[in-house]
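Notes to accompany the following structure.
The values are calculated or read from the model by the stated rules, or taken from the named source; none is laboratory data. A quick note: this is a predicted structure, and the numbers were derived from the prediction, not measured. Counting neighbours? That spans all protein chains shown, and the Cβs are built from the backbone with ideal geometry, glycine included. Side chains are part of the model used for accessible areas, which takes the heavy atoms of the whole protein and leaves out ligands, DNA and RNA. Shrake-Rupley method; radii C 1.70, N 1.55, O 1.52, S 1.80 Å.
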Amino acid sequence: MKTVSWIIWVGILIAIFFLGRCSKRCEKVETVKVETVTETRVDTVTIVEPVETVRTEIRRETIAAPADTVYLPGDTVRIEVPIETKEYRDTLYALQIEGYRARLNWVEVYPRTEYIYRTETKTISSPLRRWSLGPSVSYGYDIKNNRWVPSVGVSVHYALWSW
């Protein structure tokens, strides 16, 4: 009878071993950190009708212009033309022009560069391991002696619920 019980216990242990091999493997807990940097540049600035901010008269010049639509030598009229400087400003540019026949004095362009940082953290957790083997302390009913007794041993455990 003892050999039959030993054969049954060894068979149960072998069955538990193969059931444990069929269960899913435990994955490591891993944290993945993704960092994205976006750079935006404003390179080309096209202003269709800039707004004049400052107008200053520098001097007056006299120029010769034809008196009529038909040009004859010596048939000219003297016209006094004011020579001015004008400044145009915006958040993206500043410039200054000057003269009767306009001439650009200077231009300042303020290109924008924007940095956008996005950090994303993902945590990959492992699935629950169902099977375990470990020490056991319990209190149970002994059928042979008809009484409650404490017991100590090694147990194979399958988790139905976890919290």
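What the table below lists for this structure:
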| read-out | value |
| --- | --- |
| Every residue from region 82-106 that is of a type in the set (Val, Ile, Thr) and modelled with pLDDT under 85 | THR91 |
| Qualifying residue in region 71-78 (condition: within 30 Å of THR36 (Cβ to Cβ), among the polar types (S, T, N, Q) and modelled with pLDDT under 80) | no |
| Identity of the residue in region 77-102, of a type in the set (Val, Ile, Thr) and open to solvent by less than 60 Å² (accessible area, probe 1.4 Å), that ends up farthest from ARG59 (Cα to Cα) | ILE97 |
| Of residues in region 123-163 being under 23 Å from GLY11 (Cα atoms) and among the polar types (S, T, N, Q), the one modelled with the lowest pLDDT | SER132 |
| Any strands (runs of 3 or more DSSP E) falling wholly within region 74-163 and containing at least 1 residues that are more than 30 Å from PHE17 (Cα to Cα) and of a type in the set (S, T, N, Q) | 76-89, 93-98, 103-109, 113-124 |
| Pairs with Cβ under 7 Å, 6+ apart, first in region 28-56 and more than 23 Å from ARG118 (Cα to Cα) and of a type in the set (Phe, Trp, Tyr), second open to solvent by 90 Å² or more (accessible area, probe 1.4 Å) and modelled with pLDDT of 60 or more | none |
| Unmet criterion (only one of (1) closer than 30 Å to LEU13 by Cβ; (2) surrounded by 11 or more Cβ atoms within 10 Å (Cβ to Cβ); (3) of a type outside the set (Asp, Glu); (4) modelled with pLDDT under 80) for PRO111 | (1) |
